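As C-alpha cells, the structure follows; a few thoughts come after it.
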Amino acid sequence: MKLYELNEQEFRVYLDNHPLKTFLQTPEIAKMREASGWETYYVGLKEKNKLIGATMLTAKKNFMGKKLFYAPRGILINFEDKNVLNAFIKELKVFIKNHNGYIFKMDPYYELKEHDIDGNVVENGFDHTNLLDELKELGFIEIPKPEQLKWMFALDIEGKSIEELKKNFRQNTRNIINKTLKSNIIVRELDYDELPLFKKLTEETSERKHFSDKTLSYYQTMYQLLKPLNQIKYMIAEIHLKEYIKSLKKELENITEKIEKLTPSASNDGKRKEFQITKESLTKKIKEAKEIQKENGNILILSGGMFILYGDEVVYLFSGNYKKYMQFNAQYMIQWEMINYAVNNHYKRYNFYGITGNFDKNDKDYGMYEFKKGFNGYVIELIGEFELPITYHYNIHKTLSNLKQKLKGK
C-alpha cells in the first residue's frame, strides 16, 4: 500500500462514490479555502493500483515557516479496516513531513455511537469508540473543543413519501405547518444578486444570538462555486401582506356569520365564547398586519436558509430570522419546502445539521434542538476532531500556545 498524489478528477470520482462523502471534502471547498491562502493537495492510498483511501488536504504556513495540514471532514477510508487505517496514516505522515508540515488535523464524517431522537445511546446500536483507542495508538490527540460541530440532527427520508414523513412529525410541528400553509407565505429561491437579503437576515440573527456570521463575500463565493453544480440553494420565506390581510378578513367574515347564526340558547354559550375569541384574535391580526404593511410595504421577508445539496443528503447549513416576525413561523415553511425537495429528488437524508449535544431543557440553546426535534429525526454524534504531531515543531508550538493562554488568564 502506497500513498500517491491524485489529480482533482481522480479524487472527485473517489469522493462521489465513498460512503463518507461530504461537501466539505469537495474541490469546490478547496477552492474556497485557496482564496484565503490555503494550498490544496489530493492524496490517495493505492493497493495493486486500486484506490482504497483518499482525502483532500489543505495546508497553510502558520508557525516558524511550517505548515498546518487539515483534512476537512476527512479522511475517506474504511475505518473498520485497521490495516488500511495504519498504512494510510503512516504514509500520510511521510507526505506531510516532505511537504514542510508539522501538524495534521482531521474531523472525520464518521459517527461515534448510535443515538435516538432524545440523544440517548441506542441499545445494541453501532459503537465505534474502539476507533478512539486506535487513533491514540497512531499518535493522534483528541481536541476537546472542536472547531467543526460534533453533534447534528437528521431525518431519514430514504424510500419515504412526504405524507409519511409529515404524519410522523410531532403534533405541534405538524399543526404549525398546516397553519402556515394557509397564511400566504411564499418560499422562493434567491438569485445571486439577492444574496444581500439573506446576509441581512443572518446578520440580524447573529447579533441577537451572539454568534459569528459569515461575510457576504462567503455567501457569494459559495453560490458561484456550487450553483453551477446544483449543489446550493438560498431560500427565503416572504409574506404578501395584501393577500394575507384579505384572507384574514375572509376568515373574520366567516366567523362573524357563524356567531350571528347561533341561537340565544344556553347550549350555544360554549361555541359563542370560542367563536368570539377567534374573532378577537383575527381582528388583532388584521390590525397588526396593516401596521406592518404600512411600515414595510406589501412584501415582507421573514426567514431564510442556506442549503447544501451533495451526495445522499440535503444539509440545512445556515439560517436567519427576524425576531419581530417570528409569529409567522416562516422557518417551518422553509423546512417543509426543502424536505419536499429532498424527497422528490431522491435524497436519503435531510440533515438539520448543528445541535449542541446538550439535551438539558434548561440549556440556552435547547430551543434550536427542540425545533429540529419536532420533525422526528435522530441525533448524530461524530467521532470528533484530532491532531497528529508530525515534527518537533508541534511541541514547541503547543508549549508557546499554552504559555500564551496562561499569560492571558493573569
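Values quoted throughout were computed directly from the atomic coordinates according to the rules given, and no laboratory measurement underlies them. Everything numeric in this text was worked out from a predicted model, so none of it was measured. Please note: Cβ atoms are built from the backbone with ideal geometry, for glycine as well, and neighbour counts cover all protein chains shown.
Brief remarks on what is shown
- Taken over segment 311-330, the residue count meeting the criterion of being surrounded by 21 or more Cβ atoms within 10 Å (Cβ to Cβ), among the hydroxyl-bearing types (S, T, Y) and outside any strand (DSSP E or B) is 0.
- Residue in segment 150-158 that is within 25 Å of Y4 (Cβ to Cβ) and touching a strand residue (DSSP E or B) at 6+ places or on another chain (Cβ under 7 Å) present: no
- Being over 25 Å from M222 (Cβ atoms), assigned to a helix (DSSP H, G or I), touching a residue at least 24 places away in the same chain (Cβ under 8 Å) and of a type in the set (K, R) is a condition met by at least one residue of segment 70-86.
- Only a single criterion out of (1) touching a residue at least 24 places away in the same chain (Cβ under 8 Å); (2) surrounded by 15 or more Cβ atoms within 10 Å (Cβ to Cβ) is not satisfied by A35, namely (2).
- Of N340, N329, N351, all but one fail to be in contact (Cβ under 8 Å) with a residue 24 or more places away in the chain and either touching a Leu at 6+ places or on another chain (Cβ under 7 Å) or under 30 Å from E142 (Cα atoms) (or both); the exception is N351.
- Across segment 226-253, the qualifying residues are those that are touching a strand residue (DSSP E or B) at 6+ places or on another chain (Cβ under 8 Å) and over 24 Å from N329 (Cβ atoms), and the one among them that is surrounded by the most Cβ atoms within 10 Å (Cβ to Cβ) is I232.
- Residue satisfying condition, being among the polar types (S, T, N, Q), assigned to a loop (DSSP other than H, G, I, E, B), loosely packed, with under 11 Cβ neighbours inside 10 Å and under 30 Å from the mean Cα position of the chain (by Cα), within set S212, S183: S212
- Residue in segment 156-180 that is farthest from L241 (Cα to Cα), counting only those that are acidic (D, E) and assigned to a helix (DSSP H, G or I): E164
- Filtered residue count, segment 219-263, keeping only those that are touching a residue at least 12 places away in the same chain (Cβ under 8 Å) and assigned to a helix (DSSP H, G or I): 24
- Lone unmet requirement of (1) of a type outside the set (G, A, S); (2) free of Cβ contacts under 8 Å to residues at least 60 places away in the same chain; (3) under 29 Å from N120 (Cα atoms) for E194: (3)
- From the options F153, F198, residue that is outside any helix (DSSP H, G or I) and surrounded by 12 or more Cβ atoms within 10 Å (Cβ to Cβ): F153
- K113 meets the conditions (1) touching a Lys or Arg at 6+ places or on another chain (Cβ under 9 Å); (2) more than 19 Å from M338 (Cβ to Cβ) in every case but one. The failed one is (1).
- Residue match in segment 378-393 (condition: within 22 Å of N172 (Cβ to Cβ) and either out of contact with any Lys or Arg (no Cβ under 7 Å at 6 or more places or on another chain) or not hydrophobic (A, V, I, L, M, F, W, C) (or both)): yes
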